[in-house]
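Below is one structure; the comments refer to it alone.
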Amino acid sequence: MAGHCGALALRSCSADFTASTGFASRRSRAYFANNKPPPAQISAVEAKTETVPRFATGIGSVAAVHQVTINPEVGGRVDQDLFRAGAAVKAGDPLVQLNDAPDRGDLASYQAQARWAETTLQRSSELAKRAVHGARDRRSEAEPARPGQGTDHQDRRR
C-alpha cells in the first residue's frame, strides 16, 4: 500500500507541473506577439577628410607580422646590446656583445702553454745537440787513431 500511495503522489505532482508550464509558455508567447521592439536609432555625420596618425597610444599586446629568431653559435650572458629596436640590420652586423671573460682567460692560458712548449722544445734541442757533440768527442778519445787519420804527433810515435 505504501508504494502505491507514493506513486499516486508523484502522478499528481507531475500533472501540476505540466499544467503550470503550459500556462507560462502560452503567456510568454502572447507577450512577445503583442510587444514589438522600438525602432532602431540612427545618427548621421558628415564625412570629412583627415590625416590619420601613424602611431596610437594604448594598452594591450602587439604581435609582429614578420619576426626573426636568432640562435647564437655560442651561449653566454649578454653584456651589451649593439642595435636599436626597430632599426634595419644587415647580415654580419653585430647585435649583442656576449661576456667573453671566460674565453679570454682560456686563451691566455693556452698562449702560456704554447710559450712553455716552445721554450721546452728549444731547451731540449740545445741539450740534444750538446749530447751529440759530447758523444762524438768521447768516441774520438776512446778510439785509437788509425794510420793516416791521426795527428802528426801520433804518426811520429809510430
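No value in this document is a laboratory result; all are computed from the given coordinates. Keep in mind it's a predicted model, so treat the numbers as computed, not measured. Reconstructed Cβ throughout: ideal geometry from the backbone, glycine too, with neighbour counts over all protein chains shown.
Observations on the model:
- Rounded to 0.05, the FRET efficiency of the A112 and R54 pair, given R0 = 41 Å and the Cβ-Cβ distance, is 0.10.
- Inter-probe distance in nm under a simple model that places probes 7 Å from Cα toward Cβ, at L98 and T120: 3.0
- Per-residue HN-Hα couplings for segment 55-60 [Karplus 6.51, -1.76, 1.60; θ = phi - 60°; Hz; x = Gly/Pro]: 10, 10, 8, x, 10, x
- Less than 5 angstrom separates the built amide H of L98 from those of D79, all sequence-distant by 5 or more or on a different chain.
- Formal net charge of residues neighbouring V78 (Cβ-Cβ distance under 15 Å; K, R +1; D, E -1): -4
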